Amino acid sequence: MSLIHESAETLGALIASGDVSSREVTQAHVDHIAAVEPDIHSYLYVDAERALAQAKAVDSRLAAGEKLGPLAGVPIAVKDVFTYVGAPTTCGSRILEGWMPPYNATVVDRILGAGMVILGKTNMDEFAMGSSTENSAFGPTHNPWDLARIPGGSGGGSAAALAGFEAPLSLGSDTGGSIRQPAAVTGTVGVKPTYGGTSRYGLVAMASSLDQPGPCARTVTDAALLHAVIAGYDPHDSTSIPAPAPDVVGAARVRDVAGMRIGVVKELGGEGYDPGVKQRFQETVEALALAGAEIVEVSCPHFDLALGAYYLIMPSEASSNLARFDAMRYGLRVGDDGNNSAEQVMRLTRRAGFGQEVKRRIILGTYALSSGYYDEYYGSAQKARTLIIADFTAAFEKVDVLVSPTTPTTAFKLGERINDPLAMYKADLCTIPSNMAGNASGSFPVGLAPEDGLPVGFQVMAPPMRDDLVYRVGGAVESTLEDVWGHTMLAQLAKETR
Amino acid sequence: MSYDDLMEYDEVMERFDPVLGLEVHVELNTASKMFCSCSTGFGGEPNSQTCPVCLGLPGSLPVVNGKAVESAIRIGLALNCGIATWCRFARKNYFYPDMTKDFQTSQYDEPICFDGHVEIDVDGESFEIPIERAHMEEDAGKSLHVGGATGRIAGADYSLLDYNRAGVPLIEIVTKPVYGTGAKAPEVARAYVSFLRDMMKALGVSDVRMEQGSLRCDANVSLMPKGSTQLGTRTETKNVNSLRSIEKALRYEICRQGAILASGGRVKQETRHWLEVSGVTAPGRSKEQAEDYRYFPEPDLVPIAPSREWVEELRATIPEVPAVRYERLRGEWGYTELEMQAVIAAQGVDLIAATIEAGASPQAARKWWMSELSRQANALGVDLEELSITATQVAQVQALIDEGAINDKIARTVIDAVLAGEGEPRQIVAAKGLAVVSDSSALQEAVDAAIAEHADVADKIREGKTAAVGALIGSVMKSMKGQADASAVRELILGRLAP
């Protein structure tokens with residue numbers, strides 16, 4: 001296998017031992033990016049020169065005998081929703097085109113602090129609003145498994161970069177499934193940490209009470225290694241939890257679920273789910289039972305409210321968070337010709353700079369928060385949220401983790417749902433409850449759907465600050481898949497994708 | 001210039017009862033802003049005191065300034081408010097170029113302080129002002145509209161924005177409707193704001209400089225026909241930037257509303273601006289619909305839950321009510337009411353107290369601060385406390401006088417030197433050789449010379465006309481260039497010329 005096909009863990013070890021240099025690894029990725037980007041379009045910005053300089057710096061530090069972490073010198077791609085000084089942050093929007101942030105996101109600082117090499121910024125649905133990356137103002141990303149299909153969203157770029165071997169690791173953010181759903185449809189691993197487990201400082205907000213940065217990877221251990229780098233308390237984020245991060249790396253290496261109680265969520269399955277998705281999910285549950293886990297069916301009756309409540313809370317917060325894009329201080333400015341008032345310039349800029357989906361959500365949220373409608377919409381959505389949290393709390397008294405398919409279907413075709421927002425929103429049906437409750441949740445590949453040969457994702461949900469349980473079950477899932485296939489998912493990816 | 005019909009104030013009072021509502025914004029004097037560590041200093045280069053947080057840059061997040069919460073609680077306690085056991089910030093959404101996030105982080109239905117009251121006194125009559133709430137929020141930036149005739153946004157060529165003030169912590173104190181003030185409504189409003197100013201100062205939580213905007217008052221007033229219990233339509237007057245203008249603006253609004261109501265018209269609910277120069281209120285931008293701020297709990301901040309222990313600790317730091325303290329000090333210092341009022345008006349109470357603490361007598365302390373130093377402050381256009389002389393230094397100057405080392409006249413020279421930054425009073429006296437000559441051959445020689453020069457005067461004194469001694473003292477003082485103790489000179493002369 002060439003360098004681009006190795007796991008991040010292996011690359012880190014090879015670099016640390018001096019068998020290969022970070023510069024070689026980085027150069028291999030830069031070359032592959034140049035080769036496949038015209039087809040995949042994972043990146044909005046490739047920072048090749050600076051990445052190579054960062055790689056060289058790590059090589060010198062290692063040569064000087066410095067002891068660095070397990071991911072030192074390993075390249076990573078960063079979703080364009082995080083600020084990174086020296087590269088534009090656009091969030092996939094015209095309104096921020098060319099904006100150069102003057103500060104680093106905390107998670108970006110931690111990545112750099114770990115000696116990792118940033119290859120560039122990845123494509124996404126505008127302001128993380130979407131499930132296909134088709135809402136990016138700069139064109140969609142294509143799924144490396146089938147270029148005519150979506151790579152999921154909003155973090156389609158981060159997932160496609162992994163599946164297309166354009167980066168061994170990437171950073172994502174998850175508000176309603178933006179890490180997990182792309183992971184599911186690209187055959188990769190994605191984890192949404194406990195809300196407050198990773199810092200949101202420097203993550204351009206869509207919905208503050210739901211957004212969470214998290215790792216995207218091709219193996220469970222790789223995801224855990226990145227999770228360990230970015231997790232932990234940050235005084236710049238008031239909602240950050242002041243407690244040590246769970247030992248996710250240790251948990252990922254256990255690969256054993258004997259004695260664990262695993263709950264299958266009754267409400268997440270059945271009608272509307274692809275047969276192949278259901279089949280692979282069921283097989284995985286059976287494999288976990290064979291591995292010694294106790295399988296229990298659990299009902300979470302209020303999960304049915306999650307999608308509706310989410311589409312009130314998320315747009316409400318987004319309508320307020322996106323108000324600052326008003327042309328006054330940075331980003332796009334339209335109509336500033338001396339004849340228009342500040343208010344007119346704001347209006348013209350927002351009209352030109354925001355895409356359809358962003359406008360739809362701003363209008364929804366503005367309406368939901370309006371006086372006279374607040375109690376009916378935002379207020380009742382918060383009540384539904386409380387009920388969803390109560391469902392989780394009750395479930396976690398009976399089981400250690402809950403499991404479900406990550407998304408009801410495999411990757412759909414580009415253009416298939418773009419004019420049907422409701423169909424698009426349903427892609428996040430299974431992932432949203434964890435955002436609403438703030439618990440830890442991850443998606444792991446469990447093979448390919450027989451009918452279309454496309455990857456299926458398996459979701460593991462654990463109580464807040466028990467992210468380790470997500471990785472422990474994830475590791476076991478990975479291990480059973482390898483037993484079935486006789487090779488790793490990574491190897492499968494190398495066979496199937498560009 | 002006013003186009004408003006006005007009714008005579010007394011006539012309004014015969015027919016209506018005014019009802020007040022006062023909203024006061026107090027800018028806290030914390031070193032850093034409400035949600036970031038930027039400086040709150042006044043007068044910095046535009047936009048020099050900003051960071052990603054107070055500029056509301058994408059991705060930035062607020063973190064609450066604990067000191068501001070502490071100040072908010074202390075203010076609430078001083079206003080006899082209840083302190084919330086749990087409360088949240090809320091977002092107040094509206095678009096304006098001076099709002100970096102296009103929402104203000106404020107508090108809505110969960111204020112940190114609620115249900116208080118304060119007693120104020122107007123000409124010996126006591127009034128209770130009920131307090132609805134005091135809540136925390138952040139200030140906005142400042143717009144400077146350039147070009148155009150009015151300095152307002154309409155008609156300006158362009159606008160400049162300074163975000164140094166964006167994110168400075170504010171406490172908004174809101175009264176419940178204040179009934180029963182009768183004709184004294186404007187004075188009551190003024191006394192209330194004056195009370196707040198003194199209390200904030202005593203708490204040490206704000207510089208409370210109305211002219212710099214660190215205490216701002218929006219005055220609401222409506223008129224209720226005598227005998228009615230139905231509240232009238234109110235107007236809110238902004239831009240009232242001094243105690244005097246509060247009184248004048250309210251008086252004006254009462255007369256304007258009185259004229260409208262008396263002629264059968266209806267008062268329009270609106271925001272008005274006080275125009276200091278012309279002494280009138282003028283309507284602000286009229287809003288066709290009520291503003292909908294779409295408040296919701298701020299998801300970027302965690303709730304504030306001050307422990308009862310902390311609140312009690314803070315309660316122990318609440319100072320005496322300023323009016324009570326002033327009356328106590330007046331008794332201790334032996335000032336007349338008039339003298340004390342002048343000291344309070346000049347904001348000299350703390351300075352004088354400190355000067356007395358440092359050893360000066362109450363009369364001496366008052367003399368220096370209220371005459372020489374007040375004159376200097378006026379000339380510089382600053383407040384007493386902004387003068388570069390401390391209470392301790394003033395007490396030292398007085399001590400030098402009491403010791404007989406300098407006289408009053410030289411003391412002024414010493415004070416000038418202290419103000420000029422030349423050092424401590426004693427150093428200055430030593431360095432400049434200003435100490436008066438009270439018992440030396442030089443003084444004796446000067447006395448002898450004066451007697452010789454003014455032999456005719458000397459003769460009169462020898463004859464017992466001691467009143468003439470003044471002329472000789474004057475001559476000696478002149479030759480000594482003022483550096484002599486006049487009483488010592490007098491004694492020397494009288495000793496020489498004893499019959």
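Throughout, read-outs are computed from the coordinates displayed, never taken from laboratory work. Worth saying up front: this structure is predicted, and the values here are computed from it rather than measured. Note that each Cβ is placed from the backbone with ideal geometry, even for glycine, and that neighbours are counted across all protein chains shown.
Based on the mean of other Cβ atoms within 10 Å per residue, sort peptides A:260-273, B:324-337, A:149-162 so the most packed one is first.
Values: A:260-273: 16.6, B:324-337: 14.0, A:149-162: 34.6.
Result, highest mean Cβ count within 10 Å first: A:149-162, A:260-273, B:324-337.
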### Query
Antiparallel as a % of all DSSP beta bridges within the protein assembly as shown, to the nearest 5?
80
### Message
Rounded to two decimal places and with Rh computed the Kirkwood way over Cα pairs, what is Rg over Rh for the protein assembly as shown?
### Response
1.13
### Message
Averaged across A:81-88, how many Cβ atoms of other chains sit within 10 Å of each residue's Cβ atom?
### Response
1
### Query
What is the antiparallel percent of DSSP beta bridges lying wholly in chain A, to the nearest 5?
65
### Task
Could you tell me, in Å, what Rg and Dmax come out for the Cα atoms of the range B:441-496?
9.9, 29
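With Cβ to Cβ distances under 12 Å as the rule, what net charge do the other residues near A:K398 carry (K, R +1; D, E -1)?
Details: positive: A:R261; negative: A:E294, A:E297, A:D391, A:E397, A:D400.
In short, -4.
Would you please calculate the Kirkwood hydrodynamic radius of the range A:1-42 over all C-alpha pairs and express it in Å, rounded to one decimal? Walk me through the numbers on the way to the answer.
On the way: mean 1/r = 0.0918 Å⁻¹.
The Cα-based Kirkwood calculation yields 10.9 Å.
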#### Entry: Loop sites in the range B:94-189: trypsin sites (Lys or Arg not before Pro), DSSP, at most 15 other Cβ within 10 Å
B:R152
#### Entry: Ranked by how many other beta carbons lie within 10 Å on average, peptides B:61-70, B:462-471 from highest
B:61-70, B:462-471
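Averaged over A:324-330, how many beta carbons belonging to a partner chain fall within 10 Å of each residue's beta carbon?
Mean inter-chain Cβ contacts per residue within 10 Å come to 6.
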#### Entry: Radius of gyration, Dmax [chain B; alpha carbons; angstrom]
29.6, 95
### Task
Treat every Asp and Glu Cβ in the protein assembly as shown as -1 and every Lys and Arg Cβ as +1, leave all other atoms uncharged, and give the resulting dipole magnitude about the Cα centre to the nearest 20 debye.
780
### Message
From the gyration tensor of the Cα coordinates in the range A:213-350, what semi-axes in whole Å does the equivalent ellipsoid have, largest first, with each one equal to sqrt(5λ)?
### Response
44, 23, 15
### Task
Hand me the chymotrypsin sites (Phe, Trp or Tyr not before Pro) from the range B:34-103 located in a DSSP loop with no more than 14 other Cβ atoms within 10 Å, in residue order please.
B:W86, B:Y94
#### Entry: Reach of B:K460 by Cα under 27 Å, taken over lysines that are not fewer than 8 positions away in the same chain
B:K478, B:K481
### Query
Taking the Cα atoms of the range B:322-432 alone, what are Rg (to one decimal) and Dmax (as a whole number) in Å?
13.7, 44
#### Entry: Signed unit charges on C-beta, dipole axis of chain A, positive-most listed residue A:T431, A:G130, A:I15
A:G130
### Message
Considering only C-alpha atoms, what is the centroid distance from the range A:191-266 to the range A:1-49, in Å?
### Response
25
### Query
Can you give the translational diffusion coefficient of the range B:266-329 in µm²/s, computed by Stokes-Einstein from the Kirkwood radius over Cα pairs at 10 °C and 1.306 mPa s?
88
### Query
Straight-line reach from A:K56: which aspartates and glutamates have Cα under 18 Å away, leaving out those fewer than 8 places along the same chain?
A:D19, A:E24, A:D31, A:D47, A:E66
### Message
Going by Cα centres, the range B:369-418 and the range A:128-182 are how many Å apart?
### Response
74
### Query
What average count of beta carbons from other chains do you get within 10 Å of the Cβ of residues in B:90-99?
4
### Task
Please state, as a whole number in µm²/s, the translational diffusion coefficient that the Stokes-Einstein equation yields for the range A:261-316 at 4 °C and 1.567 mPa s, with Rh defined as the Kirkwood radius across alpha carbon pairs.
99
